[in-house]
Structure formats: structure tokens, C-alpha cells
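Reading through the C-alpha cells given below for one structure.
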Amino acid sequence: MTLCESGGMADALVSKSSKGDLVGVQVPPLAPTQLFKESLLALFLVYSDRGGIWMNWGFIQHLEQIDKLLNRLNALEIERDYPITWERVHVISCAQLGRLLARERGVDIELAALACSLHDIGRWYTGRQANHALHGEEPVREFLKTMPLSEEQKEEILQAVIHHSEKEKVGTPLGEVVKDADILDCYLHGDEITKPFHLARLEKLIK
Ligand SMILES: [Fe+2]
């Protein structure tokens, strides 16, 4: 078996058998954008300051609560525009993107992660995309009741959730993190971004 540079596939390593048959292609990872390189370094430094290995167990417990809620809602057997599996994935990856954006913009990182993880809660209940941001008001109020946050922080998260579909408007710094993390996460998972205001946000994020 040989490894050689592919003429047709730039930067890919192509594995061939002794007979010359193609047996595999190894594609090098994409280079991270400057935003990601800088943000990951910044997060590493923050965590290093806290004594090296540091885990946010509060957030992990919060995810456990979400997991239980999603299990309960999945049992409702209502029609859904998106499968519950996507909701689970989006909760976590949107929270992580929210952390990166929040760090970049001087927004509270953990508040951003919480808001991002909960932003589609309205859709979890109704199964439907239509007006899901507004349908999140009561569920998110209920969810936050027992969270160790001030009333102001809960209100900030609530506002970010119920306004997150207003991508054409500029909202609070926390709200903007949620909107941008939402668009970026959907894009990174292969969703086709077509609405003009969504595209405008995406272009700013990945330029
Ligand atoms: Fe979303």
C-alpha cells in the first residue's frame, strides 16, 4: 500500500493498494479560524488560572436536568419539526459556541452557555419551529426557578430566549451571543442558511 499526494484532491493523502486500486482517502483537518484559535487559547488560559484541570460541574448538572426534561418531552409522541436527538446535540454545541463568542465579546461566559443551551426550549415543548422563541417564555421561567442565579440574570436569559428568532434586530449582548451561536451551530451541522439576516450574521462570524 502506498501513500501519495492526490492530483485531483488537493492536500488529501490517498492510500492505494499495490495494484493501484484506491483503498482510502485521508483528508487533513480544516484550519481553525482566527476567532476559534484566539478563543480556545483564551479559554485555556482562563482554565489554567483556576489550577489547570477544571471542570464546570454546575453546567454538567444543568445538562442532566435538560436531558431528563427532553426524555420526558420525547415521551409525548407529538409531531416534531426536528428530532429530539438534534435538540440534544444543539443544546451542547450551541452552548460551547456561545462560550467562545461570549469570551470574545466580554459577555458572562456561563450565562451565555446557559442561555444558548435553553434557547429552543419552546420547540422542545411544542415540537414546532413556528413561534418557538415566544413559546419558550413559560418553560424557561419554570426551568430557571431553581437555578442559583439572581433575578436579573434569569431575566437576561429569559429575554435572550424569547427574542432569539429576531435575527434581523440587534439585541442585548447576551441575546446577540445566543443568536450568533444558534446560526453558527446550525451552519456547522450542515443546515442551509438562506435567510438574508441569517447569512449576514454568518458572514460576520466566519470572515
Ligand atoms: Fe436554535
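List of remarks:
- Difference of contour (0.36 nm per residue) and Cα-Cα distance, Ile92 to Lys145: 17.0 nm
- Computed E for Glu203/Ile78 - FRET, C-beta separation, R0 41 angstrom, nearest 0.05: 0.70
- Relative exposure of Trp57, Trp124, Trp86, judged by other C-beta atoms within 10 Å (fewest first): Trp57, Trp86, Trp124
- Too-long pairs where the Cα-Cα distance tops 26 Å, listed order kept, from Lys68/Lys154; Lys154/Lys207; Lys68/Lys195; Lys154/Lys204; Lys179/Lys207; Lys68/Lys167: Lys154/Lys207; Lys68/Lys195; Lys154/Lys204; Lys68/Lys167
- FRET efficiency for Met55 and Glu168, using Cβ-Cβ distance with R0 set to 41 Å, rounded to 0.05: 0.65
- Compactness of segment 81-207 was expressed as the Cα radius of gyration divided by 2.2 N^0.38 Å, which yields 0.97.
- Ordering 102-110, 70-78, 90-98, 176-184 by mean Cβ neighbour count within 10 Å, with the highest value first, yields 176-184, 90-98, 102-110, 70-78.
All of the numbers you see were taken from the coordinates with simple rules; none came from a lab. Not measured: the values here are computed from a predicted model. Glycine gets a Cβ as well: all are built from the backbone with ideal geometry, and neighbour counts include every protein chain shown.
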